[in-house]
1. Taking a 30 Å limit on the Cα-Cα distance, which of the listed pairs 3/343; 9/308; 31/109; 121/212; 57/186; 9/187 fall beyond it?
2. Rank 171, 153, 315 by mean-square fluctuation in a GNM of the chain with C-alpha springs under 10 angstrom and give only the top-ranked residue.
3. May I ask you to sort 137, 197, 223 by Cβ crowding, counting other Cβ atoms within 10 Å and putting the fewest first?
4. For region 109-176 and region 200-268, write down the distance between their C-alpha centroids in whole Å.
5. Express as a percent, rounded to the nearest 5, the fraction of DSSP beta bridges in the chain (both residues included) that run antiparallel.
6. Taking region 274-358, which chymotrypsin sites (Phe, Trp or Tyr not before Pro) meet the DSSP loop condition and have no more than 15 other C-beta atoms within 10 Å?
7. Along region 206-215, what does the Karplus equation 6.51 cos²θ - 1.76 cosθ + 1.60 (θ = phi - 60°) give for ³J(HN,Hα), rounded to whole Hz, x for Gly and Pro?
8. Starting from the coordinates of the alpha-carbon atoms of region 148-303, obtain the Kirkwood hydrodynamic radius over all distinct pairs and give the value in Å to one decimal.
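Each value in this text was obtained by applying a stated rule to the coordinates, not by laboratory testing. Here the structure is a predicted model, which means the values were calculated and not measured. Every residue, glycine as well, gets a Cβ built from its backbone with ideal geometry; the counts of neighbours run over all protein chains shown.
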Amino acid sequence: MRKTIAVIKGDGIGPEIVNEALKVLEKAAVKYGHHFAYQPVLAGGCAIDETGQPLPKETIEACLASDSVLLGAVGGPKWDHLGGDVRPEKALLGIRHALGLYANIRPSKLFGALANACPLKDEIIGNGLDLVIVRELIGGAYFGKKEIIEKNENGEKAAYDTMIYSESEIERIARVAFDMAGKRRKKVTSVDKANVLESSRLWREVLHHVAKDYPDIEYSDMLVDNTAMQLVRNPGQFDVIVTENMFGDILSDEASMITGSIGMIPSSSLGDGSRGMYEPIHGSAPDIAGQNKANPIATILSAAMMLKYSFDLSEESEAIENAVNEVLDLGYRTGDIMSEGCKLVSCSEMGNLIAERI
Ligand code: NAD
């Protein structure tokens, strides 16, 4: 198989972790007889430094011309003083929008070898933890009409953001969740705030309608505040959680933390076609950038997700996941997941160890 992958290394630890993911991808390509062409492009702070913009036109064009996008992370203190439109993070919203990536998929899985990194008590995670959050990515309050009113009727400064969803926006994300549940444990929990928000009442109505098309999937609704609580009380009850943009943003960070390390969790953003953007959930970790200390596993697992979801290469994807498991079982750890009796390795050593086991 021949595929073109747009590669955005980004800022901070971005280049270090992406290099390790490329090493592993290339090993899988050689082993299974594929040809991946990597197209490096700029986005984020490094793009601002070079072009004055976080997301140059050439980057969007290269992403649109590619079969998929692999991203490290963007941003850092160097660009924190910049205003809204030229901030590095704008690049992420811009790519998601340009590629029509409306579904963000974030698995939270507890690795057996890292069970002691989970902050929850043993009896709570007794049944393990393996859930996926499907978050709507390009609607809701983050994209609805927003305004700062310099003086409201009381003479005060005020601001508002509009949480707005149409039926079709809700339906397409619902179908992503039900399709995914069909390949997993066949359970969907839809999260909303239907006791207060009109947009949530529409959300629930559409979800119930879509659920009728998937009679073999167990479906339930849950309010977002209860979900936040249930995630730490009994996370094993969840298989696929589907929710709107802002609730998903918050819940997916909570769900990832219960697995113990931010350096372990991959994510993918998908639209209607097979092209997606794959990235770790963490940021550019400026505190450890350039020191060869970062954990590259989240980015390596993101590359594995790319093989599965965008290229339909499940066997190759599993080979990468198994290699990660094996290296963890052997006791190799980067600093963020280090524990007593384990062997501390650098970012590049971790990449080598995983690549060697493909
Ligand atoms: P962060 O995720 O970069 O770092 C939080 C903490 O986790 C730090 O102590 C860091 O060292 C550690 N950490 C993160 N990833 C790690 C890894 N792979 N290995 C080992 N340790 C790791 O979050 P932050 O400090 O809030 O943000 C730093 C910058 O990243 C900011 O500019 C922020 O805007 C940006 N950011 C970018 C993305 C993205 O590109 N998708 C996401 C979140 C934050």
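1. Long pairs (Cα-Cα over 30 Å): 3/343; 121/212; 57/186; 9/187.
2. The residue with the greatest mean-square fluctuation here is 153.
3. Starting with the residue having the fewest Cβ neighbours, the order is 197, 223, 137.
4. 9 Å
5. Once the DSSP bridges in the chain are tallied, antiparallel ones form about 40 percent.
6. none
7. 5, 4, 4, 5, 5, 4, 4, 7, 10, x
8. 17.9 Å
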